[in-house]
Amino acid sequence: MNDIKMLLRLEWEKTFWNGSFRAIMAIHVLLFLIVVLVGSQIGLNINGVRIDKLFVFPHVWQTLSWIASWFNLLLGILMIVLVTSEFQFRTFRKQLIDGISRPQLLIAKGGVAVILALFVVVITLFTAITTGLLMGNTEHTSPFSGIEILIVLFIQALAYLILGILISFSVRNTALSILSFILLFFPIEPIFRAFFSSKITAFFPMKSISDLTPMPDFFGIAAGDLIQINQQFTPEGVAINEPNISWISTITVIAYITLFSLILRTIVAKRNF
């Protein structure tokens, strides 16, 4: 256990001081905050639905999770850059010579993926709380109603990151790995999905992952708010208008993360570094 802790600490230090890592993470945070800031200040009214209403509790949780999901692809690309650079500089080979086992190499990269996924959740959490408090009061609803969608956001981010690691170990070249990662989302999987019914395509890997954090329902929120103003709460005492979470999709993505990990373990065990 102590060896694993030391390995994870060294892996994180190595990752944090990587110039590409710091640059991409800075872009990730900056773009996310800019989109939230600009979006929350838009006073656009669509058939009685104000856009800035999406940034008020409890809707802010789903809105910011949806926005954060846009940049999870960027994290997948970041992970590809980190892993393929180690092939380029033969870091993996040196670590194996120094006595680190292949499973430990995989655990180290998985640990970085978990930390990055948690980072996405933390920044979304604090941004949502700040935005929600600044945009409106919480008199008729709990500020934390719907916060469970952050669990889904974590799973989605982790899926992108693990997929990035899998592609990196399979392809090894940075440019080709990034290209393969992007092409999986479009057009490769969409072409395959065209031959199947919607009931089946919902379980395709890229679709399942991207659908975890859907766009907020503008008009559903407007209708729900009107009811909430009149009734305040449902008979059970639970505020309405909570984010719509598909737990079937969530379980599906967890299954894909497990599958990606098993394939990755097989590749790492047989790959010549």
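The values are calculated or read from the model by the stated rules, or taken from the named source; none is laboratory data. Keep in mind that this is a model prediction, so the values were computed, not measured. No Cβ is skipped: glycine too gets one built from the backbone with ideal geometry, and neighbour counts run over all protein chains shown.
Considering only residues that are crowded, with 18+ Cβ neighbours inside 10 Å and without any contact (Cβ under 8 Å) to a residue 12 or more places away in the chain, look in the stretch 77-120 and name the one that is nearest to residue 177 (Cα to Cα).
86
So is residue 100 modelled with pLDDT of 95 or more and not basic (Lys, Arg) or not?
Spelling it out, it is not the case that residue 100 is modelled with pLDDT of 95 or more and not basic (Lys, Arg).
May I ask you to verify whether residue 197 is surrounded by 15 or more Cβ atoms within 10 Å (Cβ to Cβ) and hydroxyl-bearing (Ser, Thr, Tyr)?
The answer is no for residue 197.
Is it the case, given these coordinates, that residue 27 is loosely packed, with under 15 Cβ neighbours inside 10 Å, outside any loop (DSSP other than H, G, I, E, B) and in contact (Cβ under 8 Å) with a residue 40 or more places away in the chain?
The answer is yes for residue 27.
Just checking, which of 71, 57, 21 is of a type outside the set (Gly, Ala, Ser), surrounded by 13 or more Cβ atoms within 10 Å (Cβ to Cβ) and touching a Phe, Trp or Tyr at 6+ places or on another chain (Cβ under 6 Å)?
None of the others qualify; the one that does is 71.
Given the criteria of a type in the set (Phe, Trp, Tyr), over 15 Å from the mean Cα position of the chain (by Cα) and over 30 Å from residue 136 (Cβ atoms), does residue 55 qualify?
no
Considering each of 134, 150, 166 in turn, give the residue that is touching a Leu at 6+ places or on another chain (Cβ under 7 Å), more than 22 Å from residue 77 (Cβ to Cβ), among the aliphatic types (A, V, I, L, M) and assigned to a helix (DSSP H, G or I).
None of the others qualify; the one that does is 150.
Looking only at residues that are in contact with an Asp or Glu (Cβ under 9 Å, 6 or more places away or on another chain) and not in a helix (DSSP H, G or I) in the stretch 30-48, which one is modelled with the highest pLDDT?
Applying the filter and picking the extreme gives 41.
Which count do you get for residues in the stretch 83-103 that are under 30 Å from the mean Cα position of the chain (by Cα) and not in a helix (DSSP H, G or I)?
4
Could you check the stretch 169-205 and list, in sequence order, the residues that are closer than 20 Å to residue 106 by Cα and outside any helix (DSSP H, G or I)?
Residues satisfying the conditions are 172, 173.
Which of the residues spanning the stretch 131-169 are farther than 22 Å from residue 214 by Cβ and at pLDDT 95 or above?
Within the stretch 131-169, 164, 165, 166, 167, 168, 169 qualify.
In the stretch 1-23, what residues are over 17 Å from residue 95 (Cβ atoms) and either assigned to a helix (DSSP H, G or I) or hydroxyl-bearing (Ser, Thr, Tyr) (or both)?
Passing the criteria: 2, 16, 19, 20, 21, 22, 23.
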